[in-house]
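This report refers to the structure that appears directly beneath it.
All of the numbers you see were taken from the coordinates with simple rules; none came from a lab. Small disclaimer: the values here were computed from a predicted structure and weren't measured. Here the Cβ is made from the backbone with ideal geometry for all residues, glycine too, and neighbour counts use every protein chain on show.
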Amino acid sequence: MISILVAGFFTISLIIIVHELGHYLAARAVGIHVHRFSLGMGPILLRWNAFSTEWAISLLPFGGYVKMAGMEAAPMEGEAVVEESTIPPEALFRNKGLPQRFFAIIAGPLANLILAILLSVGLLWHGGEPIYPGSFIDTPPPGTAAAVAGAERGDSVLSLDGEAVVNWNGLDELLRSASGSEHTMLIDRNGTELALSLVWNFEGEDQPELGLRPLLDNRVGKVLRGGPAAKLGLERGDRIVEIAGNSIEYYDDIAVVVNANPGNALDIIWERTGNRMEGQVTPEAADVPDAENGDQLKTVGRIFFEPYIEQRPVSFGEALAGGTGQVIYTAQLTIGWLAKMVTFRGDRESVGGPILIFKTAGEMMRWGFGRLLIFIAFFSTQLCLLNLLPIPVLDGGHLVFLSLEALKIPVNENWRLRLTMVGMFFLLGLMALIVLKDIGTVFFR
């Protein structure tokens, strides 16, 4: 529980601080006076003054704000009244030009985007590119291009159109760069080389799914701290040989046995640097979505270790391109999710609030600090886009008002304030519903 709280507070605090610092630094850069910088919302617990600004920590940690002089018609509740007459007119938000005001508002979401890019690039540069060793094929789904070509589980891809294949990353690159739709895929099947005709075009439309899926070997990858595998003493690189009398050749052989035995002690044999080791492991019960029964859940066993992957060192240029690409991909997924939600086609189960954020952050921390930083980059990208929604109170709502002003479309100040209040109550109500859903999901499922 303590690790969940620490990881959750770290995640939310970092993202909020970066977001509000974006607003603060942009406002100061264009000469706007900032009354208050608050981490958190609601009643103030701690306050101090520095750099002509009141800095505060407030009771509710799920948010924050930067109060700029001349932005609101009246002081926020609990704020010491600062007479605008004591502040030079040129330091008021409303007296600045449109570009300066636009910059001060959009700087918050941009700061979150920059944080996501920095984390993604830094993690890739430090950790390297994940490499999936081997080129074994899992059973292709019926009707896919690989199934039609005759590929079978356990086949090892040797080459594609004469180009040698060393691992799955190399095969993926060859498929993406291959021209035409007919390809010769040389495979090894139980020691015999076979040439399969693969009809598929990476850029084509109205064609079957490719169906090539990696079949990873029986080595242990990253182990979850405190999980059954860690308690047993399994380490990265160990090779699982047998579980409960079942011979293990590939990673998914492990999953088949473990998933079917939640709470049951299983005999396990593994090898480490040529030495044979034995023990018992009891899979923890976990509820996961049942692919065969829609929204239903099923209970399976988990011992919590990942497939074995390797890392290839990358240059800074590669890390910059790869990390930025990952943020763009996350943004595309988020935009697609938002489009489905606003058109009532989205899955309500995909919506989470602060409780679920804390829970997820705690789980990521158990896998390691690097995994938590990946989650923070993902969450920061989402927060950037969510804040740009055209809802009064959010940054996107302010940008809409500024855009209307730029188009010479007058907006009555009373209507602006009323829309802002409506937006505030809407978000408060939505947050309350999300928190109630979180409670049901985390504590009663």
Note, ³J(HN,Hα) from phi for the range 245-260, Karplus 6.51, -1.76, 1.60, rounded to Hz, x at Gly and Pro: x, 9, 5, 10, 10, 10, 4, 6, 5, 5, 4, 4, 6, 5, 4, 7
Length added when fully stretched, TRP55-ILE114, from 0.36 nm per residue minus Cα-Cα: 18.9 nm
Label-point separation, LEU46 to GLN332 (7 Å along Cα→Cβ), nm: 4.3 nm
Amide proton proximity set for ASP217, modelled H, under 5 Å, gap of 5+: TYR251
Value of Rg/Rh across the range 216-342 [Cα atoms, Kirkwood radius]: 1.09
Whether the range 129-215 is rounded, prolate or oblate, judged on the alpha carbon gyration tensor where a/c under 1.5 counts as rounded: rounded
Inter-part distance where the range 369-395 and the range 143-194 are each reduced to a Cα centre, Å: 39 Å
Under the Karplus curve 6.51 cos²θ - 1.76 cosθ + 1.60, θ = phi - 60°, whole-Hz ³J(HN,Hα) for the range 137-144, x wherever Gly or Pro sits: 9, 7, 4, x, x, x, x, 6
Rounded to 5, percent antiparallel among DSSP beta bridges of the range 129-215: 95 percent
5 angstrom amide H check on ILE87, placed H, neighbours 5+ away: none
Residue exposure sequence - ILE240, ILE106, ILE17 - by fewest surrounding Cβ within 10 Å: ILE17, ILE106, ILE240
From phi via Karplus (6.51, -1.76, 1.60), per-residue ³J(HN,Hα) for the range 282-293 in Hz, x at Gly/Pro: 10, x, 6, 6, 9, 8, 10, x, 8, 4, 8, 10
Amide H within-cut-off set for GLU209, under 5 Å, with H built and near neighbours excluded: ALA145
Extension gain from GLU284 to ASN95, taking 0.36 nm per residue of separation minus the Cα-Cα distance: 61.9 nm
Share, in percent, of DSSP beta bridges within the range 1-157 that are antiparallel, nearest 5: 75 percent
Extension reserve of the GLU271-GLU306 stretch, reckoned as 0.36 nm per residue once the Cα distance is removed: 10.9 nm
Cβ-Cβ FRET estimate between LEU389 and MET1, R0 fixed at 51 Å, reported to 0.05: 0.95
